[in-house]
Amino acid sequence: QVQFVESGGDLVQPGGSLRLSCVASGRNVSRWSMGWYRQAPGKPRELVTQIDNNGMPDYIDSLKGRFTISRDNAKNMVFLQMNNLKPEDTAVYYCNFVPTRGSGWGQGTQITVSS
């Protein structure tokens, strides 16, 4: 059973930057596409970026040019560099497989963008 632990969330001003980390345990995730999902207050959880097992990334339009997903297969980790943060990026961020294949969710990490 794979488990995900996310970290790096914080309160940040608009225009600021953060780097999120996700470590997976219980399974080697290097063969699978991985993604970052987020859930804003009152909204469903959504996939916002993913990276395949070859390192090819993809992003929703609102993140292009601001966020960068990466992975370290040797450490079983996935990262999200977030630049030029906007209030609409406020959410709890989670990592998981893409698709999730029924995997459980970690506790997530809270990002709050506010002045």
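What strands (runs of 3 or more DSSP E) completely inside segment 1-112 contain at least 1 residues that are open to solvent by less than 30 Å² (accessible area, probe 1.4 Å) and not hydroxyl-bearing (Ser, Thr, Tyr)?
Numbers: elements: 3-7, 18-25, 34-39, 46-51, 57-59, 67-72, 77-82, 91-97.
Counting at least 1 such residues, we get 3-7, 18-25, 34-39, 46-51, 67-72, 77-82, 91-97.
Under 6 Å between Cβ atoms, which residue pairs at least 6 apart in sequence (or on different chains) link something in segment 1-19 that is at positive phi with a partner that is of a type in the set (Ser, Thr, Tyr) and open to solvent by less than 60 Å² (accessible area, probe 1.4 Å)?
Taking only residues 6 or more apart or on different chains, the pairs are Gly8/Ser21; Gly8/Thr109.
The values are calculated or read from the model by the stated rules, or taken from the named source; none is laboratory data. No experiment lies behind these values; they were computed from the predicted model shown. FYI the Cβ positions are ideal-geometry reconstructions off the backbone, even for glycines, and counts take in every protein chain you see. Ligands, DNA and RNA are stripped out before the accessible areas are found, and what is left, the full protein with its side chains, is counted by its heavy atoms. Shrake-Rupley method; radii C 1.70, N 1.55, O 1.52, S 1.80 Å.
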